[in-house]
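The structure appears below as structure tokens.
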Amino acid sequence: MKKNLLFPIFVLLAFVGGVVVWGSVKAQAASLPPGSVQKKLDSLTESWWRSLDGEGWLYVAYETDSPNSMGKDPDTGWQLFKHYKEEVWSLSNNKGEIQTVLIRTTDKEHPDHIYRLAWEGGHLLREPGFRGGAPDWRSWDYHFILDSGCAREVRNAVQSRDEVAKRTEVLSKDGKDTWEVSLVQYFSPIQLPDLQTKALFTASRLTCVWNKRPAHPISVMHFYVTENGEKVLSERIFNFEAHRVKNLPADMQALLGRLEARNRGINEINSER
């Protein structure tokens, strides 16, 4: 089920002083009762998840643009990826619990720069490896990968009753074939040096665009909003693809084999103690 769809035509792209600016925060969107927004988003998300039921590995892929990424990975010396493709293979048991996750992240600007990661049974292997030791991901919840956290972020905001929720607005725009939901969080004016501009920002905005029938995500966009209402792009996730596969690519199968061999060695050492 490969999806490669364009963004809605109302999005205006302009380059201003090296910063990506996407129109104004005052888009034609209606502020709806939070409960109805959550119900709509849950319905679309669950419909997509049901369409992916089946046997074998669940394959999910998408591309990400992070135009303001700067610096280097301390483990590899590579520049942080600005445009990359992430592919995820996950395997669940008959209870729907994720048992194994494999991830391949490829820099679109430097295709030979690839991170490969395998996680199984609370153990993690990344190549190239971590110099500082692997993080503990035993309680990893990877369902968010199906829509890059959009459903979770909006649901948390809708259900929250803390001070942040009082400064949060949920907007919705219903089109003929698509549905858009935005989560806007307001704060006191601040500068964000990472965005390479001296502008003052007063809000962040998460915008998720869904196709209605069949239900699937089209894009997820993270913005910061200036005091003048301009939306400066921080991250854009697009080109979602998801389906079931029977077999893993050779490089990922080999990575999983190395993780399982390492785990067997760890278990043998522990059993001898």
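The values are calculated or read from the model by the stated rules, or taken from the named source; none is laboratory data. It should be emphasised that the depicted structure is a prediction, and the values quoted were computed from it without experimental measurement. Please note: Cβ atoms are built from the backbone with ideal geometry, for glycine as well, and neighbour counts cover all protein chains shown.
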- Task: Output the qualifying pairs, or none if there are none: Cβ atoms under 8 angstrom, residues six or more apart or on different chains, first residue in region 46-75 and under 30 Å from Asn247 (Cα atoms), second residue in a helix (DSSP H, G or I).
- Result: Trp48/Leu146; Trp49/Leu146; Leu52/Leu146; Val60/Ile145; Val60/Leu146
- Item | Condition met for Glu97 (among the acidic types (Asp, Glu), modelled with pLDDT under 90 and under 28 Å from Asn156 (Cα atoms)) | yes
- Item | Only listed residue being loosely packed, with under 13 Cβ neighbours inside 10 Å and of a type in the set (D, E, K, R), chosen from Lys246, Lys231 | Lys246
- Query: Is there any pair with a first residue in region 150-179 that is among the polar types (S, T, N, Q) and surrounded by 13 or more Cβ atoms within 10 Å (Cβ to Cβ) and a second that is modelled with pLDDT of 85 or more and not in a strand (DSSP E or B) whose Cβ atoms are under 7 Å apart and which are 6 or more apart or on different chains, and what are they?
  - Reply: Thr178/Lys212
- Query: Among the residues of region 130-186, which ones are in contact with a Gly (Cβ under 8 Å, 6 or more places away or on another chain) and either among the β-branched types (Val, Ile, Thr) or modelled with pLDDT of 60 or more (or both)?
  - Reply: Val158
- Query: Give me the pairs: first residue in region 181-197 and under 26 Å from Gly71 (Cβ atoms) and assigned to a strand (DSSP E or B), second residue aromatic (Phe, Trp, Tyr) and modelled with pLDDT of 90 or more, beta-carbon distance under 6 Å, and six or more apart or on different chains, which are they?
  - Reply: Ile190/Phe201
